[in-house]
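Working notes, structure below.
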Amino acid sequence: MNREERRGFVARNRTAIFGYNRRQDGPAMSVVYYVVDGDDILVSTMAARAKAKAVQRNQKVALCVLDEQWPLTYLQVYCDAKVETDHDANVDLGMRIAGVMAGEPMPEDVRPMVAEGMIRENRVVLRLTPYATFETPPRHVYSADDVNENLTHELGTSLPW
């Protein structure tokens, strides 16, 4: 994928595996919905959740963006992250995420309920600024005919965002 294709892949999908370093043990991963905001990727989470706490300790995170089609194609995105607490930004993101989940934009009449939920759950915005991607060329087997001399696997490569 070239630069525009990688950015397009991230923009047209909606789910990712959010990876971050835990204080102890190995890395942690969590499935998240996300939206794209200019060059940034936004994730909503509760301030008390491990994702937000991890970002406050270490801004380096990764997203494994999934295409939701079987067999899966994915793109790993490395990001610098920060926690944002602005209430209006949280509500705007909540509206957008709900729309992504529903597959259609949310009507304005649900905004007060979304705003109440943001306060009740003490939600924050995780703003992820990508700096690199890692892609693995997909190789899928759809039938026995696909298992032949043309079924090759290559090494992935790290590319700037």
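Bear in mind these aren't lab numbers, they're just calculated from the coordinates by the rules spelled out. Note that the structure is a prediction, hence the values are computed from the model and not measured. Neighbour counts run over all protein chains shown; Cβ positions are idealised from the backbone, glycine included.
Laid out as a table, the results:
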item: FRET efficiency, 1/(1 + (r/R0)^6) with R0 41 Å, evaluated for ASP39 and ARG120 via beta carbons; result: 0.85
item: Burial order of peptide ranges 86-96, 5-15 (average beta-carbon count within 10 Å, highest first); result: 86-96, 5-15
item: Translational diffusion coefficient (Stokes-Einstein; Kirkwood radius from C-alpha pairs) of the chain at 37 °C, 0.692 mPa s, in µm²/s; result: 192
item: Percent RCO, i.e. relative contact order, over the chain, from Cα pairs under 8 Å lying at least 6 residues apart; result: 24
item: Cα gyration tensor shape of the stretch 1-92, rounded if a/c is under 1.5, else prolate or oblate by comparing a/b with b/c; result: oblate
item: At least 18 Å along the helix axis (C-alpha) and Kyte average at least -0.5, DSSP helices within the chain; result: 87-102
item: Global geometry of the stretch 41-136, whether rounded, prolate or oblate, following the gyration tensor of its Cα atoms and the 1.5 cut on a/c; result: oblate
item: Protection proxy ranking of 27-37, 144-154, 125-135 - average other beta-carbon atoms within 10 Å, highest first; result: 125-135, 27-37, 144-154
item: Net dipole in debye of the stretch 3-137 [+1 Lys, Arg Cβ; -1 Asp, Glu Cβ; about Cα centre; nearest 20]; result: 660
item: Estimated dipole of the stretch 45-92 in Debye, rounded to 20 [Cβ of Lys and Arg +1, of Asp and Glu -1, Cα centre]; result: 440
item: Normalised contact order of the stretch 75-133, rounded percent, pairs of Cα under 8 Å and 6 or more residues apart; result: 63
item: Computed lengthening from GLN69 to LYS53, 0.36 nm per intervening residue step minus Cα-Cα distance; result: 2.6 nm
item: Distance in nm between pseudo-label sites at TRP161 and ASP109 (7 Å out along the Cβ direction from Cα); result: 3.8
item: Contour excess over end-to-end distance, with Cα ends at ARG23 and ASP146 and 0.36 nm allotted per residue; result: 39.9 nm
item: Relative contact order (%) - criterion: Cα under 8 Å, at least six apart; region: the stretch 112-161; result: 44
